[in-house]
Amino acid sequence: MLVASATYTLSPTMLNEFRFGVTSDPWGQSNPFDGKSFTTGLGLQGITNLWWNGLTEISFSGNGQATATGLGGRFNSTHQSRQIEFLDNFTWVHSNHTFKFGLDMSMQHAISPLGFFGANNYGTFDFNGLFTGNDFADFLLGLPNESDVDNVTQDNNGNSHRWALYAQDSFRVTPRLTLDYGIRWEYDPGYTDASGNIANFDNHVPRSGEVVYPDGYAGLLSPPFLQSFDACPNPDIPATANDPLTMNDAPCTPVLSASQAGFPEGLRATSRRFMPRFGFAYTPFHNHKTVVRGSIGAYEAPTLGSIYYSLTGTAQAFTREYLNSEGANGPAFAWPQIQTGGSGYTTAAYGTAYFGTANQINWKEPYAVQWGLSVEHSLGFATGIRVSYIGMKTSQLVWNPNWNQPLPSTTPYQLQPLSSRPFPNWGNEVKARDVGATAYYNALEVEVHRRFGAGLTFDSTYSFSRDLADDQGYSGNGGFCGEGSCSTATDLYDRYLDYGNTYNPRHRWLTTVIYQLPFGAGQRFAKRSSRIVNGFIGGWQMSNIFELQSGPFLTPYFSGADPSGTGIGLEGVGTRPDVVGPVSPSSQTANQWFLSSGFECPGGNCKAGTSAANPPIGNFGTASVGSLEGPGTIDWDFGLSKSFHLTEHATLNIEASFVNVLNHVNLGTPDMRTTDVNDPAKGLCGFGCITGAQGLYEFAGAREGQVGARIDF
C-alpha cells in the first residue's frame with residue numbers, strides 16, 4: 001500500500017487537499033519443478049502452448065491397485081487485486097458557509113487464473129483398465145481410455161475505472177441551527193477484459209436470447225458451444241454457417257460483438273447516478289445540553305470483482321474430448337498420440353447448453369437511501385445519551401434468477417417440451433446476476449457513553465432492528481449476502497417469494513468498559529504507598545466487552561424434489577417446505593431447537609416432481625425466508641493489564657486477555673433440512689438438532705486466553 005497527500009493553503013479561506021493511493025494485493029502459488037520442460041520431454045503429440053508451469057494430469061478410475069488420483073495440474077498462478085485512486089478536495093469558507101468540492105477517480109485491476117478442465121493445455125488423461133483390465137497396466141502401456149485437452153491462451157485480466165464528483169455546503173444558519181446539503185455524481189462502467197475472455201447473455205431478445213462478446217475476439221469462442229444453442233450464421237464465426245435457423249420453436253441465437261450489439265466492451269450498460277444528501281443539527285435549548293440531528297441521503301455501493309468474474313470463460317470454454325477404443329487394428333490411439341483423427345468434440349443436443357453466469361445487460365449499481373433522526377443529551381458526569389432511529393432502503397440489489405425457468409407446472413420438468421422454457425435452445429439454466437432486488441432496514445438505537453474520567457470510560461449500545469430483503473434466494477442460512485447475492489432465486493417470476501428476514505439478529509446489546517483499578521499512587525486507595533508497593537498494586541487496568549444478542553434468522557428447506565415443476569429443485573437448489581403446525585418446542589434445547597412436525601414437504605410428497613410417478617403439484621412451499629430464529633449469544637471478554645516504568649524511557653507492559661471468560665456455551669446453527677430425521681432416542685440428530693457451538697462466530701466459542709509482555713522504549 002502506498003499513500004501520498006499534499007495540502008495547500010491557497011488563502012485564509014481556501015484549502016486544497018490532493019491524495020494519491022495505491023493498494024495492491026498479489027498472491028498466488030508457485031512450484032520450483034520445471035513442469036513445462038518435463039511435459040515437453042514426454043513427447044506427447046498435441047500438447048502445445050504451455051505458457052504457464054504445470055504438469056499433465058493423470059487419473060486412475062479402474063479396479064487396479066493404483067491409489068494415485070488426479071496427479072498433475074497447474075503449478076503456478078497469479079492473483080492480483082489492485083486499485084489506484086486520485087482524490088482532490090477543495091474547501092472554501094465564505095461567511096456562514098463552508099463549501100466543499102471534490103473529484104474521486106479510481107482504477108481497478110483484477111487478475112486470476114483461467115481454466116476449463118483438468119490440466120487444460122497440459123492434457124488430462126484417464127486410465128480405467130479398458131484395454132488390459134487394470135488401470136495402472138493401461139498407464140504403463142500408454143493407453144488412456146479418455147484424453148481431454150484445452151487451449152487456454154491467457155488468464156483473466158479485468159480492468160475498470162470509476163469517476164465521482166461532489167459538491168456540498170455546511171450552512172450555519174444560526175448559532176443553534178446548521179444545515180448540510182450536497183450532491184454526488186458517480187460513473188461506474190463495467191470491467192473490460194484485456195484477454196477477451198468474457199461473454200454475456202442478453203435476455204431481452206425473445207425466445208433465443210443473444211450472446212455478446214468483446215470486439216475482435218470471435219476466435220476465442222467455443223465452436224461446439226455455439227452450435228449447441230443454434231447460433232445464427234455469422235461471417236465472423238464460421239462454425240455456425242450450416243446450423244439451422246430455427247429449432248424447438250425458437251429462432252437462432254444471435255452471437256454479436258459488443259459494437260454490433262451496441263454495448264461497451266464491458267458487455268453491459270454503464271451506470272451513472274446523481275445522489276443528493278441533506279442533514280441538520282439543531283440545539284433546541286440555550287443550555288446546549290440537547291442536540292437534535294437528522295439526515296437523509298443516497299449512497300452508491302459499486303459492485304467489484306465477483307460480478308466481473310461471473311462473465312469470464314463462459315462462451316470460451318472449449319474442452320476437446322477424445323475417447324479411446326479397441327478396434328480391429330488395436331487401440332484408436334496410444335501415447336505419444338493423445339487423440340483420434342477427429343476434431344475432439346461432438347455438438348451437444350439443442351436445449352442442453354448452459355450459460356453461467358450472465359450479468360443483466362441494463363445494469364444499475366446498487367444504491368441505498370438512508371435516513372435518520374437522533375436526540376443527544378448530556379446527563380452530566382461526562383456522560384451522554386443518544387436515542388436514534390435509522391432507516392434505509394437499498395435498491396437495485398443483485399439477485400440470482402434462472403432466466404430459463406418455466407412457469408410452475410403439474411408436469412414433471414423432465415417431461416415438459418423445450419418450448420416451455422423462455423429460451424428453448426438453452427439448457428436447464430441460464431444463470432444470471434440480475435439487479436432490481438430490494439432490502440429494508442429499520443432500527444431503534446440507544447447509546448450511553450462516558451468520556452474517560454476518574455479512571456472509567458464505557459460505551460453501551462442497544463439496537464432493535466428489522467432487516468428484510470428479497471435477494472437471498474431460497475435460503476439465507478449462509479450468513480449475509482454479498483454483492484453476488486446468496487443463492488439461486490426460488491422463482492424467476494415472483495422475487496417476493498424470497499422476501500424475509502435476513503441473517504441479522506433482531507436484538508443486540510454491546511458494552512465496552514475500561515476501568516483503572518483505584519489502587520496505588522494518586523488513586524483512591526493506598527495512594528501514599530511506597531514505590532515498591534505501588535509497583536505491585538498500582539497501574540492495573542481492566543478491559544471488558546459484554547455482548548448479548550438474539551439469534552440469527554434461519555430458513556427451513558429440503559432437497560431432492562421439485563414440487564413446483566419449474567426444475568429449480570433438480571439443480572442442486574433446496575426448496576422450502578409447507579408450515580403445518582408449531583415450529584418450536586416450549587423449551588428449546590440442543591437436541592431439539594425446532595420441531596420437525598411443524599413442516600412437511602409440499603403436497604405431502606418429498607419426491608414430488610422427480611418422475612411421472614411423483615408429479616409436481618405446481619406450487620412452492622409456504623415457509624418463508626428467515627422465518628425461524630437460531631440460538632442467541634452471551635459473551636464476556638475480559639482483559640487485565642499493567643505497566644511498569646523500568647527507566648525514564650522504557651516501560652514493561654504485561655497483559656492477560658480472555659475471550660468468553662465464563663466459558664458460556666453458545667449453541668451453533670441447527671440442522672435446517674426438514675427431511676433429516678431427528679430422534680435423540682435412536683441417536684439420530686436431524687432437523688432442529690445442534691451438534692456444535694458457535695466457535696469463532698462473534699468470538700463466542702470456548703474460552704481462550706493469552707498472556708503477553710512487551711517492552712516499549
Practice item. Filter the stretch 126-158 down to residues that are assigned to a strand (DSSP E or B) and buried (at least 18 other Cβ atoms within 10 Å of the Cβ), then give me how many there are. Key: 8
Practice item. Determine which single condition PHE101 fails, assuming it passes every other condition in (1) assigned to a strand (DSSP E or B); (2) of a type outside the set (A, V, I, L, M); (3) closer than 30 Å to LEU140 by Cβ. Key: (3)
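This table checks each residue for (1) within 28 Å of THR555 (Cβ to Cβ); (2) among the polar types (S, T, N, Q); (3) free of Cβ contacts under 8 Å to residues at least 60 places away in the same chain; (4) assigned to a strand (DSSP E or B).
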{"position": "THR438", "(1), (2), (3), (4)": "yes, yes, yes, yes"}
{"position": "ARG451", "(1), (2), (3), (4)": "no, no, no, yes"}
{"position": "THR490", "(1), (2), (3), (4)": "yes, yes, no, no"}
{"position": "TYR515", "(1), (2), (3), (4)": "no, no, no, yes"}
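Suppose we keep only residues that are more than 23 Å from ALA167 (Cβ to Cβ) and among the charged types (D, E, K, R) within the stretch 91-147. Which one would you say is farthest from the chain's Cα centre (by Cα)?
Ranking the qualifying residues of the stretch 91-147, first place goes to ASP138.
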Check your understanding: Can you spot a residue in the stretch 348-365 that is surrounded by fewer than 12 Cβ atoms within 10 Å (Cβ to Cβ) and part of a loop (DSSP other than H, G, I, E, B)?
Key -> yes
Revision key, fill the gap. Checked ASN89, ASN31 against criteria (among the polar types (S, T, N, Q) and assigned to a loop (DSSP other than H, G, I, E, B)); the one match is ASN31
Revision key, fill the gap. Only unsatisfied item for SER529, checking (1) among the hydroxyl-bearing types (Ser, Thr, Tyr); (2) within 25 Å of ASP676 (Cβ to Cβ); (3) buried (at least 17 other Cβ atoms within 10 Å of the Cβ), is (2)
Exercise for review: Pairs only if they're at least six apart or on different chains, beta carbon under 7 angstrom, first in the stretch 581-605 and within 19 Å of THR691 (Cβ to Cβ) and touching a residue at least 60 places away in the same chain (Cβ under 8 Å), second surrounded by 15 or more Cβ atoms within 10 Å (Cβ to Cβ) and polar (S, T, N, Q); list them, first residue then second.
Suggested key: GLN592/ASN678; SER596/THR674; SER596/ASN678
Exercise for review: Could you grab me the full set of residues in the stretch 122-152 that are in contact with a Phe, Trp or Tyr (Cβ under 8 Å, 6 or more places away or on another chain) and of a type in the set (S, T, N, Q)?
Suggested key: THR124, ASN128, ASN145, SER147, ASN151
Exercise for review: Kindly indicate which of GLN370, GLN396 is farther than 26 Å from ALA561 by Cα, polar (S, T, N, Q) and under 17 Å from the mean Cα position of the chain (by Cα).
Suggested key: GLN396
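A quick yes/no check of all residues on (1) touching a strand residue (DSSP E or B) at 6+ places or on another chain (Cβ under 9 Å); (2) farther than 30 Å from GLY705 by Cα; (3) among the acidic types (Asp, Glu):
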| site | (1), (2), (3) |
| --- | --- |
| SER559 | yes, yes, no |
| VAL583 | yes, yes, no |
| GLU600 | yes, yes, yes |
| ALA608 | yes, yes, no |
| GLY618 | no, yes, no |
| GLY621 | yes, yes, no |
| GLY632 | yes, no, no |
| PHE638 | yes, no, no |
| ILE654 | yes, no, no |
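Give me a count of the residues in the stretch 232-283 that are part of a loop (DSSP other than H, G, I, E, B) and of a type in the set (Lys, Arg).
Initially, the stretch 232-283 is screened for residues part of a loop (DSSP other than H, G, I, E, B), giving 232-233, 235-236, 241-245, 248-249, 252, 254, 262-270, 283.
Keeping just the survivors that are of a type in the set (Lys, Arg) gives 268.
Number satisfying all stated conditions: 1.
Mind telling me which of the residues ALA328, ALA334 ends up being modelled with pLDDT of 90 or more and either closer than 16 Å to VAL211 by Cα or surrounded by fewer than 17 Cβ atoms within 10 Å (Cβ to Cβ) (or both)?
Among ALA328, ALA334, only ALA334 is modelled with pLDDT of 90 or more and either closer than 16 Å to VAL211 by Cα or surrounded by fewer than 17 Cβ atoms within 10 Å (Cβ to Cβ) (or both).
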Review point. Checking PRO254 against (1) crowded, with 18+ Cβ neighbours inside 10 Å; (2) touching an Asp or Glu at 6+ places or on another chain (Cβ under 6 Å), which single condition isn't satisfied?
Key: (1)
Practice item. Could you grab the pairs with beta carbons closer than 6 Å, sequence gap of 6+ or different chains, first residue in the stretch 320-336 and touching a residue at least 12 places away in the same chain (Cβ under 8 Å) and over 28 Å from GLY115 (Cβ atoms), second one polar (S, T, N, Q) and assigned to a strand (DSSP E or B)? Key: none
Review point. Is there a residue being crowded, with 16+ Cβ neighbours inside 10 Å, touching a residue at least 60 places away in the same chain (Cβ under 8 Å) and among the charged types (D, E, K, R) anywhere in the stretch 66-81?
Key: no
Exercise for review: Please specify each residue of the stretch 630-664 satisfying the condition of being surrounded by 15 or more Cβ atoms within 10 Å (Cβ to Cβ), closer than 30 Å to SER475 by Cβ and without any contact (Cβ under 8 Å) to a residue 60 or more places away in the chain.
Suggested key: VAL659, ASN660
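The values are calculated or read from the model by the stated rules, or taken from the named source; none is laboratory data. The model shown is predicted, which means the values in this text are computed figures rather than measured ones. Methodologically, a virtual Cβ is constructed for each residue, glycine included, from the backbone with ideal geometry; neighbour enumeration extends over all protein chains shown.
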